[in-house]
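A short worksheet on the structure shown next.
The values are calculated or read from the model by the stated rules, or taken from the named source; none is laboratory data. Just so we're clear, the structure is a prediction, and the values are computed from it rather than from any experiment. In this analysis, Cβ positions are derived from the backbone assuming ideal geometry, glycine residues included, and neighbour counts consider all displayed protein chains. Quick note on the areas: whole protein, heavy atoms, side chains included, nothing else; ligands and nucleic acids left out. Shrake-Rupley method; radii C 1.70, N 1.55, O 1.52, S 1.80 Å.
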Amino acid sequence: MIIWALGQILEKIDEEQFLEEERSAVFLVGTEDAKRAMELAGMVYEGEINPSEVGFCKLETQQECLAGSLCIPKFIDMLGKWYKMQFFINRRHIVIVDDDGFASRLIRRIRRSKTQQGDTRERFLYNFMAQFMSRDLEMLGQYEKLIMDLEENVTEGKTQGFQSKIVPVRRELLTLRGYYDELMDMGRELEANENRFFAKKQLKYFGTISDRADRFMGKTAHLLEYAQQVRDAYQAAIDAEQNKNMQFLTVLSAIFFPLTLITGWYGMNFRDMPELDNGYPGVILLSMAVIAFCIFIFKKKKIL
């Protein structure tokens, strides 16, 4: 078990020292140590503590504590396994239950990058949530560049493999939109401060988190709309190509239909047909005249 006193969040202290000092602290534990950490923090949670079963981000208000869960996407595998953890907050302490080691890495990043690392619970939560959202704008920019490249390929007529590229992008963006919606709701729940666990002057941090998630969700919605527009352009290009093919087949049908009629007529071999004996050259000339006439009409109509 690791305990960090607020204001010194990367300083490891033992349980006895913690109990003697009676300071507010952050407990970072795995599932096996969660029960002991909850006891030390004076928390009672009625539900099950099992981060592996977490499926989305949410915050639940109980009498003794705030119980939350985080399900954070991995940028390298957006549709695969996500980072999952649970956290609990009361008037003095925070307990984070994480079996993946992701929370520990986030806190190490906070130590390297933040001057004010977490002298209050509100500041710590802000730093913690802001840290795993710190690369999201860059990630959304990469999605935008990918969609722009797909649009350029469609414009240049390079449509091969388009569907296999755009479909995963749309699925990932849809997933991210739901994720940011959940984070926005969580920030608003924290800002509402229903149990009055947080100082009123510190609630601005949670408003910043919800505003950031809202901006990311808006950016994601814009990218989804952009992806749909590119997909529509791709479909229009495919339809235009199919129309050209159908137009070509129509031209061939229009040319060969009168030829079929002519050959059918002269293939009947009736006894009294005047052209029966010496009509072959005439049929050839008539067929060529029909072809020339059809081509002239198609050129005039700008079909060819």
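Here are some notes:
- Listed values for region 143-154 are Karplus-derived 3J(HN,Hα) couplings in whole Hz (6.51 cos²θ - 1.76 cosθ + 1.60, θ = phi - 60°), namely 4, 4, 5, 4, 5, 5, 5, 5, 5, 5, 4, 5, and x replaces Gly and Pro.
- Computed from phi, the 3J(HN,Hα) profile of region 198-207 under the Karplus parametrisation 6.51, -1.76, 1.60 (θ = phi - 60°) reads 10, 5, 4, 6, 9, 5, 4, 4, 5, x Hz, with x in place of Gly and Pro.
- Of Lys81/Lys204; Lys74/Lys158; Lys145/Lys244; Lys244/Lys300; Lys74/Lys219, those spanning more than 22 Å from alpha-carbon to alpha-carbon: Lys81/Lys204; Lys74/Lys158; Lys145/Lys244
- Whole-Hz couplings from phi, Karplus 6.51/-1.76/1.60, listed for region 119-128; x for Gly and Pro: 7, 10, 4, 5, 5, 4, 4, 4, 4, 5
- Applying a DSSP loop filter and a limit of 13 other Cβ atoms within 10 Å to the GluC sites (Glu not before Pro) in region 140-202 leaves Glu156, Glu194.
- Restricting region 165-246 to trypsin sites (Lys or Arg not before Pro) in coil, as DSSP defines it, with at most 10 other Cβ within 10 Å: Arg196
- Ordering of 75-88, 286-299, 97-110 by packing is 97-110, 75-88, 286-299, highest average first (other Cβ atoms within 10 Å, averaged per residue).
- The amide H of Gly30, built 1.01 Å from its N in the peptide plane, has Asp98 as neighbours under 5 Å, considering only residues 5 or more places off or on other chains.
- Database remark: amide H of Tyr83 closer than 5 angstrom to the amide H of Ile72, Lys74 (H placed geometrically; neighbours at sequence offset of 5 or more, or on other chains; Pro and chain starts carry no H).
- Using a probe of 1.4 angstrom and keeping all protein chains present, the accessible surface of region 51-160 works out to 50 square angstrom per residue.
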